[in-house]
Amino acid sequence: MDKHPIRFGVQTGQQNIEWEQLRSFWAKADGWGYDSLWVFDHFYPIFTPDPAGPCLEGWTLLSALSQNTKRARIGALVNGNTYRHPSLTAKMAATLDVMSGGRLNLGLGAGWFEAEHRSLGFDFKTVGGRLQALDESCQIIKGMFTQEKTTLKGKHYNVVDAVCNPKPIQKSLPLMIGGHGEKVLLKIVAKYADMWNMGNADAAEMKRLIGVIERHGDTVGRNTDEIEKTLMLALCYKAPKQREETLSSIVGMMTQTTPELARERMIIGSKQECLDKIEAYTNAGVTHFIFMYNPMLTAEEDIQAFAEDILPQFNSR
């Protein structure tokens, strides 16, 4: 808690939405005081069964949005490692950090959307292969950020004297790793991550998973308190009962659980209910809350009202 202040962010999945709508929302959310703003990294819509729907490419979009914000940190929740060679990812991230004035958080995950890989021709690999590749990518990217030359001969990537100039503005550009695989993925988090992201989990589950990361930290010799624990979840703030019920049902379907249990994985209800939920999560070890924003599911007025009512209570700490 002393090392990582409580922060709040918003992720805008860029499917079925116009550029101008996204640009306007990011500018407003930046002004409302959110600490972080995020896109996703997919080429097809993921919240609809129609893969032919409109979906803006993440890195290009994030670069443009970086120029329409001034203070919030920016990133993707999270970039699919399988979509780009890590040397390319390192160069893109360093460039965007320079362009944004040192505001980038680099999100990275092993990759999961098989249909997207098969359709577009990306090598999906096995689960084990994707995790091995992620481990190698973390080594290459962190090396290129901090070393004059980076060499790695791995099972998935071979780089020889790889150079990344200019370096990121940030001396230690934060690497966020997303996922929850307990045996391998969370060990990669313990080894390399500055931030860890989990989605749609209740406080008890977050506490348990943070404990898994701590045990991996003991194995690899790292104090995992250094890692900022982040959680992506739905927000429904002081909304009419019908909207609460609708969103709880949708989140329940997304997480394959009941609306009642889904409510435990959301920031929902009155101001006090939301503060109580935040306290439960912070007691579990979460310090960075990222709200999913989709105009078809989440009301912009909820995002704004939460910022006006809740954010000042934490910004002053």
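Data for the structure
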| item | result |
| --- | --- |
| Yes/no for GLU228 being more than 22 Å from ALA76 (Cα to Cα), open to solvent by 10 Å² or more (accessible area, probe 1.4 Å) and touching a residue at least 12 places away in the same chain (Cβ under 8 Å) | no |
| Matching residues in region 252-266 - criterion: being among the β-branched types (Val, Ile, Thr), modelled with pLDDT of 90 or more and under 16 Å from MET206 (Cβ atoms) | THR257 |
| Tally of residues being surrounded by 17 or more Cβ atoms within 10 Å (Cβ to Cβ) and among the polar types (S, T, N, Q) across region 120-147 | 3 |
| So HIS117, is it in contact (Cβ under 8 Å) with a residue 12 or more places away in the chain and over 22 Å from the mean Cα position of the chain (by Cα) | no |
| Selection from region 190-204 of residues that are within 29 Å of ILE268 (Cα to Cα) and open to solvent by less than 60 Å² (accessible area, probe 1.4 Å) | ASP194, MET195, TRP196, ASN197, MET198, GLY199, ASN200, ALA201, ASP202, ALA203 |
| Candidate set: region 205-221, residues that are more than 20 Å from LEU108 (Cβ to Cβ) and among the small types (Gly, Ala, Ser); chosen: the one surrounded by the most Cβ atoms within 10 Å (Cβ to Cβ) | GLY211 |
| Members of region 258-274 that are surrounded by 16 or more Cβ atoms within 10 Å (Cβ to Cβ) and not small (Gly, Ala, Ser) | PRO259, ARG263, GLU264, ARG265, MET266, ILE267, ILE268, CYS274 |
| Subset of region 1-54 (residues that are within 30 Å of GLY285 (Cβ to Cβ) and either in contact with a Pro (Cβ under 6 Å, 6 or more places away or on another chain) or open to solvent by 70 Å² or more (accessible area, probe 1.4 Å) (or both)) | MET1, ASP2, LYS3, ARG7, PHE47 |
| Count of region 267-317 residues which are at pLDDT below 95 and in contact with a Ser or Thr (Cβ under 6 Å, 6 or more places away or on another chain) | 1 |
| LYS142 more than 30 Å from ASP276 (Cβ to Cβ), basic (Lys, Arg) and touching a helix residue (DSSP H, G or I) at 6+ places or on another chain (Cβ under 7 Å) | yes |
| Restricting region 31-54 to residues that are of a type in the set (D, E, K, R) and within 17 Å of the chain's Cα centre (by Cα), the residue that is farthest from SER100 (Cα to Cα) | ASP41 |
| Those residues of region 217-274 which are of a type in the set (D, E, K, R) and under 13 Å from PHE291 (Cα atoms), in sequence order | ARG265 |
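The values are calculated or read from the model by the stated rules, or taken from the named source; none is laboratory data. Small disclaimer: the values here were computed from a predicted structure and weren't measured. With ideal geometry, Cβ positions are generated from the backbone for all residues, glycine too; neighbour counts draw on all protein chains shown. Only protein heavy atoms, including side chains, enter the accessible area calculation; ligands, DNA and RNA are left aside. Shrake-Rupley method; radii C 1.70, N 1.55, O 1.52, S 1.80 Å.
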